[in-house]
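Participant: Below are the structure tokens for one structure; questions will follow.
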Amino acid sequence: MTRISLISLRLLVLLLGALLGRAALAQACCSASNPTEFGVVGPCQHAAIATQIGYQSYSGTYDETGKNHKLTGMSPQDATLLIGGGWRPLRGPVQIQAALPLRWQQRAYPTMASQSAVGVGDAAVALRWTALEDKMTGVLAGEPGMYLPFLDLAAGVKMPTGRATEDGNPDKAGADVTGDGAWQVTATVRVLKYVTRQHAFGIGADYSHQFDRSVPDGNGGKSKFAKGDSLEVRGTWLQLHGMYWSWGAFASYLMGADAHQAGVAVPDSAVRHFRVGASVTRVLSLPAWETTLGVALDPWWQDGARNVPYVGPSVSLSLRRNFL
Amino acid sequence: MGLVRMHRVWTAATLLTLAACGSTQGSSGVAPAKDAQTIQDSAPDATSNAGADVAPDLAPDVPDQPDVPAVANDVSTLPIVPSDNGTFAARFLRTPEPPTPSGDVLEMLLMDTTGALLPGATVKATPWMPAMGHGSPKTPVVVDDGGGHYTITNLLFTMPGKWQLRVDVSTPGAQDRFTIIYAIQ
């Protein structure tokens with residue numbers, strides 16, 4: 001455990017200055033934390049380091065009209081090892097977060113040998129400010145300030161540290177493409193309210209903007225391409241069960257505008273994506289260690305998404321070390 | 001099987017002539033543009049998308065496009081598709097149908113606007129996924145089989161979704177592109 005702690009601290013230092021691109025939710029203090037987020041430092045914690053292994057097998061795709069198709073010509077699957085954490089440099093309401101994915105991807109096509117590759121994905125860093133803190137007593141406690149929720153504001157950057165499509169190895173058939181190839185910034189707002197000491201509800205939104213990247217223009221030159229700005233809204237529910245267990249669920253909906261190439265909107269490129277998930281967290285050693293098992297589902301019905309190449313169930317298992 | 005559809009209306013009498021003849025040779029002249037609707041109504045390979053900025057789509061699941069009878073393994077009997085700017089025309093045979101992520105073959109019988117076959121053209125094919133802004137890691141191979149017949153292989157579409165296969169054709173003094181839609185699942 002000591003060795004793991006040292007490794008964790010080193011990784012934390014390496015990832016310093018960064019912030020997790022995906023917004024995080026305020027967590028219960030020194031108790032079972034919110035299982036739907038990764039690497040967020042709880043209110044009374046000084047730092048946290050976390051790792052997560054996730055697996056997703058894709059079974060369908062959504063086209064630009066919202067029509068769901070079963071994948072018949074390929075059978076892709078991904079596994080991601082996510083390493084990251086957070087740190088409060090001044091032990092105050094501001095924390096720095098970072099996450100770095102290591103991706104294993106397999107792509108199988110009918111007329112080709114199955115290809116797989118491992119590579120670093122796009123790293124993310126973020127700066128997060130907890131503007132308001134919930135007393136976590138519930139709204140019936142009769143205490144001053146009992147209606148105040150957690151309010152978190154964050155700004156993050158996703159960096160193109162992964163391999164972009166245009167840099168892919170022809171023999172890998174896309175299995176080695178682990179990144180978007182573009183910088184992206186995200187602004188986040190999260191509100192979480194403990195309505196009782198055990199139950200919390202949250203809402204939040206992420207607004208993301210992807211910067212241009214150079215892509216072939218089809219005429220031997222280059223042009224600028226960027227995915228459209230996106231807004232993802234998310235609702236969460238969390239229940240604490242004693243000091244050692246918690247579980248929760250979330251639903252999110254992402255709306256992305258049309259992509260642009262050479263300053264012109266690409267027709268039929270807008271994205272919609274609904275997703276739900278649930279997870280359960282177990283504190284292994286209070287307050288230091290905890291583990292979370294999570295599942296997430298993509299829609300399978302018509303119009304559940306648009307322009308989402310891969311959909312399918314995913315499962316993840318994370319291990320987290322908290323530092324007070 | 002080659003189930004072929006077409007989104008763009010042939011803009012003038014070339015379509016009338018070629019569609020009516022069902023031949024790759026011997027057409028002549030250019031009819032007035034006003035004849036295009038007549039051509040569209042009469043030609044089995046024309047569609048209602050007159051003037052629409054839509055690429056030729058060989059996919060079978062476009063709801064507003066009528067299925068076009070196709071003769072397997074005989075590209076010369078398939079409907080004629082104009083290039084994006086009308087500089088060339090071609091018949092395409094895509095196998096298999098519907099398209100798959102890898103291993104597909106596209107045959108092209110290339111013609112000029114009079115319907116004369118065009119051997120010896122420089123042909124380049126490029127897969128492109130517009131919504132994602134990327135192409136394919138593999139470069140398609142184009143073989144000039146002679147007689148205006150070209151075969152495109154080594155196609156790889158690495159992701160489900162709507163792809164374009166951009167077939168750029170150049171001859172002395174002319175160049176244009178065929179943009180063919182591949183709906184990959």
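Participant: Tell me, yes or no, whether the range A:115-122 has at least one residue that is away from every other protein chain (no Cβ under 14 Å), closer than 30 Å to B:G103 by Cβ and crowded, with 21+ Cβ neighbours inside 10 Å.
Facilitator: So far as the range A:115-122 goes, yes, one or more of its residues are away from every other protein chain (no Cβ under 14 Å), closer than 30 Å to B:G103 by Cβ and crowded, with 21+ Cβ neighbours inside 10 Å.
Participant: Restricting the search to the range B:117-141, which residues are under 15 Å from the mean Cα position of the chain (by Cα) and β-branched (V, I, T)?
Facilitator: B:V123, B:T126
Participant: Would you call A:G174 out of contact with any helix residue (DSSP H, G or I) (no Cβ under 6 Å at 6 or more places or on another chain), open to solvent by less than 20 Å² (accessible area, probe 1.4 Å), on the phi > 0 side of the Ramachandran plot and within 13 Å of chain B (Cβ to nearest Cβ)?
Facilitator: So A:G174 fits the description; yes.
Participant: Let me ask something else about it. If A:M136 satisfies every condition in (1) in a strand (DSSP E or B); (2) under 24 Å from A:W237 (Cα atoms) but one, which is the exception?
Facilitator: (1)
Participant: For A:R128, only one of the following conditions fails: (1) charged (D, E, K, R); (2) open to solvent by 40 Å² or more (accessible area, probe 1.4 Å); (3) part of a strand (DSSP E or B). What is its number?
Facilitator: It is condition (2) that A:R128 fails.
Participant: Does any residue in the range A:153-173 that is closer than 24 Å to A:S208 by Cα come within less than 9 Å, Cβ to Cβ, of a residue that is at pLDDT below 85 and in a strand (DSSP E or B) six or more places away or on a different chain, and which pairs are these?
Facilitator: A:E166/A:P216
Participant: Restricting to the range B:143-165, give me the number of residues that are within 12 Å of another protein chain (Cβ to nearest Cβ) and open to solvent by 30 Å² or more (accessible area, probe 1.4 Å). I'd like the intermediate steps shown before the answer.
Facilitator: As a first pass, look at the range B:143-165 and keep what is within 12 Å of another protein chain (Cβ to nearest Cβ): B:153-165.
Within this subset, residues satisfying the condition of being open to solvent by 30 Å² or more (accessible area, probe 1.4 Å) are B:153-154, B:159, B:162, B:164.
Of the residues in the range B:143-165, 5 are within 12 Å of another protein chain (Cβ to nearest Cβ) and open to solvent by 30 Å² or more (accessible area, probe 1.4 Å).
Participant: Name the single residue, out of those in the range A:144-161 being surrounded by fewer than 21 Cβ atoms within 10 Å (Cβ to Cβ) and among the small types (G, A, S), that is nearest to the other protein chains (Cβ to nearest Cβ).
Facilitator: Here the answer is A:A155.
Participant: For the range A:203-261, which residues satisfy the criterion of being surrounded by fewer than 16 Cβ atoms within 10 Å (Cβ to Cβ), in contact with a Gly (Cβ under 6 Å, 6 or more places away or on another chain) and in a loop (DSSP other than H, G, I, E, B)?
Facilitator: Hit for the range A:203-261 is A:A257, nothing else.
Participant: Those residues that are assigned to a strand (DSSP E or B) and at the interface with another protein chain (Cβ under 10 Å from one of its Cβ atoms), I need them from the range A:53-67; list them, please.
Facilitator: Once the filter is applied, which keeps residues that are assigned to a strand (DSSP E or B) and at the interface with another protein chain (Cβ under 10 Å from one of its Cβ atoms), the range A:53-67 yields A:G60, A:T61, A:Y62.
Participant: Considering (1) open to solvent by less than 40 Å² (accessible area, probe 1.4 Å); (2) assigned to a strand (DSSP E or B); (3) touching a Ser or Thr at 6+ places or on another chain (Cβ under 7 Å); (4) closer than 26 Å to A:R306 by Cβ, say which one A:A50 fails and leave the rest.
Facilitator: (4)
Participant: Same structure, new question: I need every pair where a residue in the range B:130-142 that is more than 8 Å from chain A (Cβ to nearest Cβ) and in contact (Cβ under 8 Å) with a residue 12 or more places away in the chain has its Cβ under 6 Å from the Cβ of a residue that is part of a loop (DSSP other than H, G, I, E, B) and surrounded by fewer than 21 Cβ atoms within 10 Å (Cβ to Cβ), sequence separation at least 6 or different chains.
Facilitator: These pairs meet every condition: B:P140/B:N154; B:V141/B:N154.
Participant: Still on this model: Tally time: how many residues in the range B:95-123 are buried (at least 17 other Cβ atoms within 10 Å of the Cβ), assigned to a strand (DSSP E or B) and within 14 Å of another protein chain (Cβ to nearest Cβ)?
Facilitator: Final tally of qualifying residues: 1.
Participant: Give me a count of the residues in the range A:284-324 that are part of a strand (DSSP E or B), of a type in the set (G, A, S) and touching a Lys or Arg at 6+ places or on another chain (Cβ under 8 Å). Walk me through it before giving the result.
Facilitator: Residues of the range A:284-324 that are part of a strand (DSSP E or B), as a first pass: A:284-285, A:289-297, A:305-306, A:308-311, A:314-323.
With the extra rule that they be of a type in the set (G, A, S), the set shrinks to A:285, A:294, A:296, A:305, A:314, A:316, A:318.
Subset that is touching a Lys or Arg at 6+ places or on another chain (Cβ under 8 Å): A:296, A:305.
Of the residues in the range A:284-324, 2 are part of a strand (DSSP E or B), of a type in the set (G, A, S) and touching a Lys or Arg at 6+ places or on another chain (Cβ under 8 Å).
Participant: Quick one: count up the residues across the range A:97-113 that are within 28 Å of the chain's Cα centre (by Cα) and either polar (S, T, N, Q) or within 30 Å of A:M243 (Cβ to Cβ) (or both).
Facilitator: Going through the range A:97-113 one residue at a time, the tally reaches 5.
Participant: Let me ask something else. Of the numbered conditions (1) more than 14 Å from the chain's Cα centre (by Cα); (2) open to solvent by 10 Å² or more (accessible area, probe 1.4 Å); (3) not aromatic (F, W, Y), B:I184 satisfies every one except a single condition; which is it?
Facilitator: Status for B:I184: all satisfied but (2).
The values are calculated or read from the model by the stated rules, or taken from the named source; none is laboratory data. These figures come from a predicted structure and were not determined experimentally. For neighbour counting, all protein chains shown are included, and Cβ atoms are generated from backbone atoms with ideal geometry for every residue, glycine included. Note: accessible area is taken over every heavy atom of the protein model, side chains too, but ligands, DNA and RNA are not part of it. Shrake-Rupley method; radii C 1.70, N 1.55, O 1.52, S 1.80 Å.
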